[in-house]
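So the structure is just underneath, and the comments pick up after that.
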Amino acid sequence: MSDYLPEAVILEILKRLPVKSLVRFRSVCKTWNTLISHPSFISTHLQSSLSNNTPFLFIQSVKGISFEFSWHYDNDGFDKFNQLQLPVFDCGSDSLVIGSVNGVICAQVFSYDNSLNFVLWNPSIQNYIPLPQPSIRDVVDLNIGFGFDSKTNDYKLLLVGVGVEDFSGNWINPCLFSLNQNCWKTLTATIPPNYNFDAAYGATLPFVNGAFHWLGFQTGNRFSNAIMGFDLSIEEFMLISLPESLIGSWSGSLSIFKYGESSIAVQRLRHGELYELWVMKEYGVIESWTKVLTLSLATDPRYTWFPKVMGFRKNGEVLHVHNTKMASLDLNSQQMETSLDLNRRQMEFHGVEFGAELLSVHSYVESLVLLDKAVDVHSESDVDHSMDSSDLDEWSGGEVDVA
């Protein structure tokens, strides 16, 4: 086909095709295999997917003693795309998803010896990379963050925790993993801010604007909260101020989330009676903190529960759990500031059934990332990479616009 089409046109067509087709098209010839597996094409295809494709939500829940995973389109119907089974990795069986970036899932794999094992897994292509074990030891509680350093085109994993002999909330030396260097390093040269934090083993850190975020606090004459951050590119810690009304709150009443693609949100549950949701409309601008939702059990007898916030959708709606279904709230509703009526249009139930508990929801995009460097899972559905008639139709059809 290269005899009839210029290479630039072929690239334009290929970068717009779905991942499944591209994986199969590597079998067309050696030239195509080299092209599709090349890092520059993988990056180009990713940018095209981020710009043009409907985003997914990657959902992890637990049913009984088993984890369940599924994809759903982040569209009006919240349609189900696929049910997933996490591979049984060599280092263990049960896995907890830490985060999702550019189609790569970072999972912590649990083993019988309680060692720290992590893998990077791309479910779209069924490739994964087992990471070397970090040198961090004797940890009581651990916060984990997975992100992408766009300046160095590197995927990194951050571990910050509390040591086994220190239950006051003081730091142990954080560890940082770099995929490009395939190694961990201890951040001894970087001095963290003089804040403690409530770590929870396996807790994940929201990754926004190239930085991880979590809640920290100071004790003394006056209790004081702030958002702690770690910039992945310059590898330095930072602080972001909270709204004035949250600075003196009990730290255990606060939770932090990623807000959209570029900012953060904080929820507060006070004395089991008052629920507030704040968003930073403009990242880094303290004055842009806005309270977008307030619920009170004390003043409205209709409400006997508070929503468990899981994150935000692409359109800005809040994702949360009600019983065993996922629902979303439109924060632009005129009555949202003061009421949450399950029978009104502000809340939309999507009928997404899951197990006894919904653990996490992550934005996801299909990609070819890790195709050039990862281990093949060798799932039965991926062994045969020969082209079938549907792939040929997808390639030869005239619906692909290359203009």
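Could you name every one of the strands (runs of 3 or more DSSP E) located completely within region 34-149 that has at least 3 residues being at pLDDT 80 or above and surrounded by 20 or more Cβ atoms within 10 Å (Cβ to Cβ)?
Values: elements: 56-63, 66-73, 80-84, 95-101, 104-109, 117-122, 127-130, 139-149.
Once the strands (runs of 3 or more DSSP E) in region 34-149 are filtered for at least 3 residues that are at pLDDT 80 or above and surrounded by 20 or more Cβ atoms within 10 Å (Cβ to Cβ), what remains is 56-63, 95-101, 104-109, 117-122, 139-149.
Working only within region 246-265, note down all residues that are at pLDDT 90 or above and over 21 Å from the mean Cα position of the chain (by Cα).
Correct list: Leu246, Ile247.
Before we move on, is Pro39 closer than 18 Å to Leu370 by Cβ and either in contact (Cβ under 8 Å) with a residue 40 or more places away in the chain or not hydroxyl-bearing (Ser, Thr, Tyr) (or both)? So that I can check it myself, show each step before the final result.
On the way: closer than 18 Å to Leu370 by Cβ: yes; either in contact (Cβ under 8 Å) with a residue 40 or more places away in the chain or not hydroxyl-bearing (Ser, Thr, Tyr) (or both): yes.
For Pro39, the condition - closer than 18 Å to Leu370 by Cβ and either in contact (Cβ under 8 Å) with a residue 40 or more places away in the chain or not hydroxyl-bearing (Ser, Thr, Tyr) (or both) - is met.
Determine, yes or no, whether Leu232 is aliphatic (A, V, I, L, M), under 30 Å from Tyr155 (Cβ atoms) and in contact (Cβ under 8 Å) with a residue 60 or more places away in the chain.
yes
Which members of region 1-36 meet the condition of being under 33 Å from the mean Cα position of the chain (by Cα) and farther than 23 Å from Pro55 by Cα?
Ile10, Phe25, Arg26, Ser27, Trp32, Asn33, Thr34, Leu35
Would you check which residues across region 195-218 are in a loop (DSSP other than H, G, I, E, B) and at pLDDT 75 or above and list them? Quick ask: steps written out before the conclusion?
Of all residues in region 195-218, those in a loop (DSSP other than H, G, I, E, B) come to 195, 197-202, 205-206, 209-210.
Of everything in region 195-218, those that are in a loop (DSSP other than H, G, I, E, B) and at pLDDT 75 or above turn out to be Tyr195, Phe197, Leu205, Pro206, Asn209, Gly210.
Scan the strands (runs of 3 or more DSSP E) fully inside region 229-288 and keep the ones with 1 or more residues being more than 27 Å from Ser328 (Cβ to Cβ) and of a type in the set (A, V, I, L, M, F, W, C).
Passing ranges, in order: 236-240.
May I ask you to list the residues in region 214-250 that are within 24 Å of Gly145 (Cα to Cα) and among the polar types (S, T, N, Q)?
Gln218, Ser224, Asn225, Ser233, Ser241
Condition test on Trp171, is it of a type in the set (A, V, I, L, M, F, W, C) and either at pLDDT below 85 or more than 24 Å from the chain's Cα centre (by Cα) (or both)?
Spelling it out, Trp171 is indeed of a type in the set (A, V, I, L, M, F, W, C) and either at pLDDT below 85 or more than 24 Å from the chain's Cα centre (by Cα) (or both).
Among (1) on the phi > 0 side of the Ramachandran plot; (2) modelled with pLDDT under 90, which single condition is Arg222 missing?
It is condition (1) that Arg222 fails.
The values are calculated or read from the model by the stated rules, or taken from the named source; none is laboratory data. Just so you know, these numbers come straight off a predicted model, no measurement behind them. Don't worry about glycine lacking a Cβ; one is built from the backbone with ideal geometry, like all the others, and counts go over all protein chains shown.
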